[in-house]
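Okay, so here's the structure we're looking at.
The values are calculated or read from the model by the stated rules, or taken from the named source; none is laboratory data. Predicted model, so just to flag it, every value in this text is computed and none were measured. As a convention, Cβ positions derive from the backbone with ideal geometry for all residues, glycine included, and neighbour counts pool all protein chains shown.
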Amino acid sequence: MSLTNYNIEELILLCRQKNQKAQCEVYNRYAKAMYNVSFRIVKDVHFAEDVMQEGFLKAFTKINDYKQEVAFGAWLKRIVVNCSIDFYKKNNQFKPEDFDATLYKIEEKESAITEITNFNELKVKQILEVINSLKYNYRMVLTLFFIEGYDQEEISEILNISYANCRTTLSRAKDCLRKKLEEI
């Protein structure tokens, strides 16, 4: 029985019944995207593969918790992002900056990146290289915000930091990114 023609809702129902072929089909449909998500955070080919596998295992064991309030891919992506961040923190002695202790005046900028005059001339690869050269917390918030599409509130939940800390970090990360891109 081929499950390639099944829609994701049908596959989820089968996964809830512990159908391994359905799980395999879900894996095949989402593996590449989830690997890319994990790799952008973990920065290692082999570890990204391991973390992605862990994310799928967690998703399949918690498949009954999926309430279809969001798309399945978004739910799975959130699990993989959290697994990736957990892995990175365990293996890189992540120490978040404590911005809550000090009050910062943040000037809201609609988009620091759109101020770059020759933005269209920059290649995506160059931008990703610059993002990857930034320190961890800047790289993480920029990746979650620009690449993964999370809003500031979601990022603060994912990284387990306050909303104010997230806003400050994102603002500083955008400024740092803009300055580095202007040097190119």
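Values for this structure:
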quantity	calculated
Subset of region 156-176 [buried (at least 19 other Cβ atoms within 10 Å of the Cβ), under 20 Å from K89 (Cα atoms) and among the hydroxyl-bearing types (S, T, Y)]	S156, T169
Set R139, R172: member being under 21 Å from V42 (Cα atoms), among the basic types (K, R) and touching a helix residue (DSSP H, G or I) at 6+ places or on another chain (Cβ under 9 Å)	R139
Top-ranked residue in region 146-184 [being of a type in the set (V, I, T) and not in a helix (DSSP H, G or I); ranked as modelled with the lowest pLDDT]	I184
Index of the failed condition, H46 passing every other in (1) at pLDDT 90 or above; (2) under 20 Å from V141 (Cβ atoms)	(2)
Test: residue in region 132-145 that is modelled with pLDDT under 90, outside any helix (DSSP H, G or I) and surrounded by fewer than 17 Cβ atoms within 10 Å (Cβ to Cβ)	no
Odd one out for Q17 among (1) without any contact (Cβ under 8 Å) to a residue 24 or more places away in the chain; (2) out of contact with any Ser or Thr (no Cβ under 8 Å at 6 or more places or on another chain); (3) surrounded by 13 or more Cβ atoms within 10 Å (Cβ to Cβ)	(3)
Residue pairs meeting the criteria (Cβ under 6 Å; at least 6 apart or on separate chains; first more than 14 Å from E129 (Cα to Cα), in region 168-184; second surrounded by 14 or more Cβ atoms within 10 Å (Cβ to Cβ) and polar (S, T, N, Q))	T169/N137
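Residues checked against (1) under 30 Å from L128 (Cβ atoms); (2) in contact (Cβ under 8 Å) with a residue 40 or more places away in the chain; (3) surrounded by 13 or more Cβ atoms within 10 Å (Cβ to Cβ):
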| site | (1), (2), (3) |
| --- | --- |
| A22 | no, no, yes |
| N28 | yes, no, no |
| V37 | yes, yes, yes |
| G55 | yes, no, yes |
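The rows are residues; the columns are (1) of a type outside the set (V, I, T); (2) modelled with pLDDT under 95; (3) touching a Gly at 6+ places or on another chain (Cβ under 6 Å).
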position	(1), (2), (3)
Q17	yes, no, no
V37	no, yes, no
V51	no, no, no
K58	yes, no, no
K62	yes, no, no
F87	yes, yes, no
E110	yes, yes, no
